[in-house]
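Worksheet for the structure shown next.
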Amino acid sequence: MVEVALAAASALGQEGLSAEVIALRGLRPVDWATCQAFVNNTHRCLIVDEASRFGGPAAEITESLHERCFFSLEAPIMRAAALDLPTPFNGKLEDACISSAHTVIDAVHGLMGRS
């Protein structure tokens, strides 16, 4: 999802919104210091994940960041994740189920209180 997040950040930059991307390449260990510094700086966070929203890695990262950064947040941490269904084998259907730059941009607009 790094490429998707970077594409969305580039498009958001053209709208005048600055977006930083942190690439967590693994879940053990998580660089919480970097994540906390990011949230403390921006006061907002969107987790982009290609796994299912329910019970996926983004859910655990979101909760852990809420525990660590609650008082720094100006809005709840949001997630852009795959639809809650088994990932289809067909490539076009798979692409329709996981986050794209457009869904990430829409999520950022929601996080910022824009339509």
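Tell me, please, whether a residue that is under 16 Å from V4 (Cβ atoms), touching a residue at least 60 places away in the same chain (Cβ under 8 Å) and buried (at least 18 other Cβ atoms within 10 Å of the Cβ) can be found in region 55-67. Write out each step before concluding.
Just the residues of region 55-67 that are under 16 Å from V4 (Cβ atoms), to begin with: 56-58.
Those left that are additionally touching a residue at least 60 places away in the same chain (Cβ under 8 Å): none.
No, region 55-67 has no match at all.
Among the listed residues S18, S100, S64, identify the single one that is under 12 Å from the mean Cα position of the chain (by Cα) and polar (S, T, N, Q).
S100
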- prompt: Scanning region 68-85 for residues that are in contact with a Ser or Thr (Cβ under 6 Å, 6 or more places away or on another chain) and either more than 12 Å from M1 (Cβ to Cβ) or in contact (Cβ under 8 Å) with a residue 40 or more places away in the chain (or both), which turns out surrounded by the fewest Cβ atoms within 10 Å (Cβ to Cβ)?
  reply: D84
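FYI, it's all coordinate maths here, none of it is from the lab. Because the structure is a prediction, the values reported are computed rather than measured. With ideal geometry, Cβ positions are generated from the backbone for all residues, glycine too; neighbour counts draw on all protein chains shown.
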